[in-house]
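Notes follow once the structure below has been shown.
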Amino acid sequence: MFRKARRTDQDFHEEIQAHIRIEAGRLIGEGLDPGKAMAAARRAFGNVTNRREQFYESTRWMWLDHVQRDIRYSLRQLRASPVFTATAIVSLALGIGVNTAIFSLADQALVRMLPVEKPEELVLLNWKGLFVGGGVGSDNLFPYPFYRDLRSRNEIFQDMFARHPTEINLSCGGQPEPVDAELVSGSYFPVLGVRPALGRLLENSDDLEPQAHPVVVLSYDYWRNRLGADPGIVGRSVLVNSYPMTVVGVAAPGFHGVDWGSVPALWIPIMMKREATPHWDSLFDRRTKWLHIFGRLKPGIAREQAAARLQPWFQAYLREDTRREGWPPVTAAQMKEYLASRLQVLPAAQGRSDLRRRIREPMLILLGATALILTLACLNVANLSLARAFARARATALRTALGATRGRILAEHLTESALLAAAGCLAGVLLAPLAGRALLSFLPQGTTGVGLHTGPDLRVLLFALAVTVAIAFLCGSAPALHAASIDPVAALKQRPAGVAGGLGLRKALVVGQYALALVLLIGAGLFARTLASLRAQGPGFSSANLLTFGVDPVSNGYSPEKAKQLLRQLQTVVRELPEVEQAGLARNAILRGGGWNNPVTVQAARQRIITEDIGMNAVDPGFFEALGTPVIQGRNFNERDSYSAGGGPLRSAIVNEQFVKQYLADGDPIGTRVGIGDRPDTRAAAQIVGVVKSFHDFGLRQPEAEIFFPFWEDGPAGATFYVRSRSSAEAAALSIRAAIRRAAPTLTLDSLRTVDDQLDRLLIGERMLAQLAGVFAVLATLLAMIGLYGVLSFSAASRTKEMGIRLALGAPRRAAGGLIIREAAALAGAGMAIAMPVSWALGRLVENQLYGVRPMDAVTILGAGAILAFVCLAASAAPARRVGALDPLEILRGE
């Protein structure tokens, strides 16, 4: 099959015969008898068969020939043992499938670089220190004037770009829908090196004057999935928050921006900020930070060099900023801290993602758990393969006696292991996308999904290939080494040992399986109890039949005054629905992990207190009633707490118990005055009129101080409704949607969902760990059960003579079966002894992911032990029953 030359064996054979005939003819010519001449010619030529074998080997790649024969032999062996083959392939498919799925998502979420030109050159700037002013967003934020100043004097970067993620209402000819978008500088696409799939992309000329560039670029996925890949989209007008803008192009496929956790449907020039974010216009405000600034380093400049060279410019910027018009009064300590700020240069080859930070640790923990699953699968297959190797010892000895070398025996067993690993790999790769989609369902999808995919790519396939090679070696090495070490003389003299040989090694493998399964069960129990503790604690109010949704009239084209009127109308409409018990409004949605934060100045009786950043919200009087959170001191808001036209100083505030505990524990909070800000000129004009019971807003692990202001102050343009329904939340949701559609047909309703659903989104990491660890623990338990059952069955087979003698001497059948059960208990005890210190060490590593439970929680450990005790009993039941049913006369007669 694997020939290197065209010359055939028949040609070579005829050539040999010709040489022999020529030599015989010469001898006949010298007078020798023809028969003797032919014999002499053959003796002179030598061993014909040996020469033909040498020719055969010289015309082929023999190692490939041997591989072909080993594969055929291994396939015959696997076909002869269908149960073993199916069990091994399924075990490996489960292990490889979940590992490949987790690796694929972890690779994309935590490791992979952006699909842009030379991503390793990208960096992200970060302001380290005090910023005098406010901000909109999470981290790494800057004002737009800072970006403009740095870019104009830049000597470090090839170029820079800025971006701000936001949500807009987009209409492409139909009903407006909320979508994620990005405000970007004109240099965004040129710096990243992204090409258009259609039309053109944004350029520097699209980012010159405010409100002068009403153009957008659509993402490829949104264009394909929502607009049907309409080729005529370029040049068409779309409505962004009811403002017409022209589509100039579609980005290249596969490009999802610089944050895979929040994939934009479109990109809008920063100069169109007023239209994209109609609630706040801080484009040229140096006291408001909201932009992420990226740069592409010049060749030969490292990050550390860039940071060192930027610092003198940054220090000069800080000093100049303090002398600008509009610089607010600050204390000497604040001035010192501000001037001590530093400009950090962070790596940005992977972009920037808040979701990445949230799921990094859970994802790494799950990677470790899947590695344990794969190890269990390997131990299972190794155990089964070792049993087959001992069962085939006499056949292997016979092959060795007939001339097979140890290398050939070793190669045959490794080939069989490689075939099993390859089949398991193929099945696992086919299973991985299904597992990947299940994993993706745990992540918040936003309005346009996340920038992760579950299909296999080259990196995933290479990972699967590497895993396959490792499995082939790990699962096949022990059986192969045993087979290669068999002494044919001793093996052929012995009686057949069946499948019971090498039981000690196989028991050791089962102990390892049991230990790994117990570790996974304990881990799953800890994560499940963490999730249960957080859900049982809850947000501090009942979430049953509580709905939430958002409306943003200004983004739908309403003026601020008409938006306020519409909100009052919608509030009345919702409250009058028969399905609604209570309804309240809030400026910011709660339980989303973020919100409005500022330091607060507290003017207490004897001192002026400056707080840390405090969570804030603006709510109406019905908000606390809808949540069922009581005002435990003072009173709730009322209509007199707000100016009828808005615009005046805040007059009233309500704080929670945690605020009082942290800052006002020594006095009566009612009547204490507070003001937003920490500057020397901050007026503490608002009076605390009530104290509300603390509830969790930004997270469930610990309560945080929070302060609330009247909702109807400052002309609110948008609101989040909280509605307590009388009956099922689903029925109330239908009524609410219909009522709002009647009252405002063009208004977009954002995220109508239950608060329970919002809680699940807030607990994404805990929920992912608990549920997936539970699934992995079940898989591990099943694999351990299979391994234990196999070893106990083989152990029972090896002790058939012993059991027959025991029964013949009068031992009760129950005692014979009890020996097998005690053997299973001994294996389980050894596995538990190994698992305990491992669980303790791993528990310390994941301790920060736990809540309400200790790493070595006795209840969890006992529960996991009880589950595996039941598994041991179930695995030993059938072998014990078979031993108890033996006929001692038949056994002894056979002996």
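The values are calculated or read from the model by the stated rules, or taken from the named source; none is laboratory data. Here the structure is a predicted model, which is why all the values come from computation and not from measurement. Because the Cβ atoms are built from the backbone with ideal geometry, glycine has one as well, and the counts that use them run over all protein chains shown. Heads up: the accessible areas ignore ligands, DNA and RNA and are worked out on the full protein's heavy atoms, side chains in. Shrake-Rupley method; radii C 1.70, N 1.55, O 1.52, S 1.80 Å.
Might you let me know whether the range 100-115 holds any residue that is among the small types (Gly, Ala, Ser), more than 27 Å from TYR188 (Cα to Cα), at pLDDT below 90 and surrounded by fewer than 20 Cβ atoms within 10 Å (Cβ to Cβ)? No, the range 100-115 contains no residue that is among the small types (Gly, Ala, Ser), more than 27 Å from TYR188 (Cα to Cα), at pLDDT below 90 and surrounded by fewer than 20 Cβ atoms within 10 Å (Cβ to Cβ). Within this structure, GLU182 passes the test of being surrounded by 22 or more Cβ atoms within 10 Å (Cβ to Cβ), of a type outside the set (Ser, Thr, Tyr) and either in contact with a Phe, Trp or Tyr (Cβ under 9 Å, 6 or more places away or on another chain) or assigned to a strand (DSSP E or B) (or both). Sub-6 Å Cβ pairs linking a first residue in the range 126-154 that is farther than 13 Å from LEU318 by Cβ to a second residue that is open to solvent by 50 Å² or more (accessible area, probe 1.4 Å) and part of a helix (DSSP H, G or I), at least 6 apart or interchain, are SER138/ASP354, ordered by first then second residue.
Test ALA705 against the stated conditions and say whether it is open to solvent by 30 Å² or more (accessible area, probe 1.4 Å) and within 24 Å of GLY540 (Cβ to Cβ). No: the conditions fail for ALA705. The residues listed here are SER242, SER282; of these, the one that is closer than 24 Å to VAL132 by Cβ, in contact (Cβ under 8 Å) with a residue 12 or more places away in the chain and of a type outside the set (Lys, Arg) is SER282.
Only helices (runs of 4 or more DSSP H) wholly contained in the range 806-895 count here; list those with 2 or more residues that are open to solvent by 60 Å² or more (accessible area, probe 1.4 Å) and either modelled with pLDDT of 80 or more or under 30 Å from GLN702 (Cβ atoms) (or both).
Per the criteria, 813-845, 858-884.
A single member of SER751, SER728, SER694 is open to solvent by 20 Å² or more (accessible area, probe 1.4 Å) and closer than 19 Å to GLU625 by Cβ, and it is SER694. The number of residues in the range 746-788 that are among the basic types (Lys, Arg) and touching a Ser or Thr at 6+ places or on another chain (Cβ under 8 Å) comes to 1. Would you pick out the residues in the range 219-241 that are farther than 18 Å from THR277 by Cα and outside any loop (DSSP other than H, G, I, E, B)? Of everything in the range 219-241, those that are farther than 18 Å from THR277 by Cα and outside any loop (DSSP other than H, G, I, E, B) turn out to be TYR220, ASP221, TYR222, TRP223, ARG224, ASN225, SER237. All of LEU783, LEU792, LEU772 fail the test of being hydrophobic (A, V, I, L, M, F, W, C), at pLDDT 70 or above, in a helix (DSSP H, G or I) and under 21 Å from PHE527 (Cα atoms), apart from LEU772.
Checked against the criterion of being crowded, with 21+ Cβ neighbours inside 10 Å, over 26 Å from LEU763 (Cβ atoms) and among the aromatic types (Phe, Trp, Tyr), the range 526-535 has no qualifying residue.
Listed here are the residues, each with its yes/no results for (1) among the hydrophobic types (A, V, I, L, M, F, W, C); (2) at pLDDT 85 or above.
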{"residue": "ALA369", "(1), (2)": "yes, yes"}
{"residue": "ALA377", "(1), (2)": "yes, no"}
{"residue": "ALA382", "(1), (2)": "yes, no"}
{"residue": "ALA387", "(1), (2)": "yes, no"}
{"residue": "ARG392", "(1), (2)": "no, no"}
{"residue": "PHE442", "(1), (2)": "yes, no"}
{"residue": "GLY455", "(1), (2)": "no, no"}
{"residue": "THR468", "(1), (2)": "no, no"}
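When the range 205-235 is filtered for residues that are open to solvent by less than 40 Å² (accessible area, probe 1.4 Å) and under 19 Å from PHE161 (Cβ atoms), the ones remaining, listed by number, are ASP206, ASP207, HIS213, VAL215, VAL216, VAL217, LEU218, SER219. Restricted to strands (runs of 3 or more DSSP E) entirely inside the range 247-362, those with at least 1 residues that are aliphatic (A, V, I, L, M) and surrounded by fewer than 16 Cβ atoms within 10 Å (Cβ to Cβ) are 342-347. Assigned to a helix (DSSP H, G or I), open to solvent by 10 Å² or more (accessible area, probe 1.4 Å) and within 18 Å of SER751 (Cβ to Cβ): is that true of VAL554 in this structure? Answer is yes for this residue. Of the set (1) at pLDDT 95 or above; (2) within 15 Å of GLY257 (Cα to Cα), all apply to VAL215 but (2).
Looking only at the range 147-173, filter to residues that are among the aliphatic types (A, V, I, L, M) and either under 26 Å from LEU266 (Cβ atoms) or in contact with a Cys (Cβ under 7 Å, 6 or more places away or on another chain) (or both); which one of those is surrounded by the fewest Cβ atoms within 10 Å (Cβ to Cβ)? Within the range 147-173, the match that is surrounded by the fewest Cβ atoms within 10 Å (Cβ to Cβ) is MET160.
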